[in-house]
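J.: For reference, the structure I am asking about is given below.
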Amino acid sequence: MPQRQSRVRVDASSVQGEGAYAVIRKLTMGEIKAMKQLQAKGEADDFDMTTEVVQSCTLSWNWVDDDDAPLPQPREDPTVLDAITDDEFAFLAQAIAGSADAQKN
């Protein structure tokens with residue numbers, strides 16, 4: 001029986017070290033369409049939109065900070081995105097957008 005694969009666990013070892021992962025939710029075509037329409041109208045800033053998507057689509061992770069203390073879950077504390085590196089942010093954005101490399105487990 002088919003099972004939708006809208007939630008994906010991605011290997012985040014490239015940005016967080018061995019054993020790191022993030023569980024992300026893939027965007028629907030409706031969400032992508034709505035974002036494109038906002039962009040076309042000039043009503044959306046690309047960076048702010050990407051930040052919102054990363055926060056809402058990152059369901060869970062086992063990431064840590066520089067002192068190896070667990071980071072809060074982005075859905076529970078959106079300000080945690082201010083504490084991650086640009087490489088970590090780009091990794092999440094690519095995984096959500098559908099990068100084949102980011103989805104390898």
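J.: For SER60, SER6, which order do you get if you count the other beta carbons within 10 Å of each Cβ and list the fewest first? Spell out each step's value before the answer.
T.: Values: SER60 15, SER6 11.
Ascending Cβ contact count within 10 Å gives the list SER6, SER60.
J.: Separate question: Run a plain Debye calculation on the chain (Cα atoms as equal point scatterers, no solvent) and give log10 I(q)/I(0) at q = 0.11, 0.19, 0.23 Å⁻¹, rounded to two decimals, same order as the q list.
T.: Values, matching the q order: -0.35, -0.96, -1.31.
J.: Quickly work out the THR85-to-ASP45 label distance, labels modelled 7 Å from Cα along the C-beta direction, and quote it in nm with one decimal.
T.: Result for the modelled spin labels: 2.5 nm.
J.: Also, quick follow-up: By the scheme Lys and Arg +1, Asp and Glu -1, what is the net charge of all other residues having a beta-carbon under 13 Å from that of PRO78?
T.: Details: positive: ARG75; negative: ASP48, GLU52, GLU76, ASP77, ASP82.
With Lys, Arg at +1 and Asp, Glu at -1, the neighbours total -4.
J.: If you don't mind, there's one more thing I want to ask. Give the relative contact order (percent, whole number) for segment 1-78; include only Cα pairs under 8 Å separated by 6+ residues.
T.: 27
J.: Taking H placed 1.01 Å from N in the peptide plane, check which residues at least 5 places from TRP61 or on another chain put their amide H under 5 Å from its amide H.
T.: Under 5 Å from the amide H of TRP61: VAL23.
J.: Then there is this: Quick check on the exposure proxy: order ARG4, ARG9 from fewest to most C-beta atoms within 10 angstrom.
T.: Ranking ARG4, ARG9 by Cβ neighbours within 10 Å, fewest first, gives ARG4, ARG9.
J.: Only counting other Cβ atoms within 10 Å, I'd like LYS41, LYS36 sorted with the fewest neighbours first.
T.: Fewest-to-most Cβ neighbours within 10 Å comes out as LYS41, LYS36.
J.: Follow-up question, since we're still on this one. Each residue of segment 13-18 in turn: what ³J(HN,Hα) in whole Hz from Karplus with 6.51, -1.76, 1.60 and θ = phi - 60°, glycine and Pro shown as x?
T.: My calculation for segment 13-18 gives 4, 5, 10, 10, x, 4 Hz in order.
Coordinate-derived values only; no laboratory data. What you are looking at is a predicted structure, and each value in this text was computed from that prediction instead of being measured. Because the Cβ atoms are built from the backbone with ideal geometry, glycine has one as well, and the counts that use them run over all protein chains shown.
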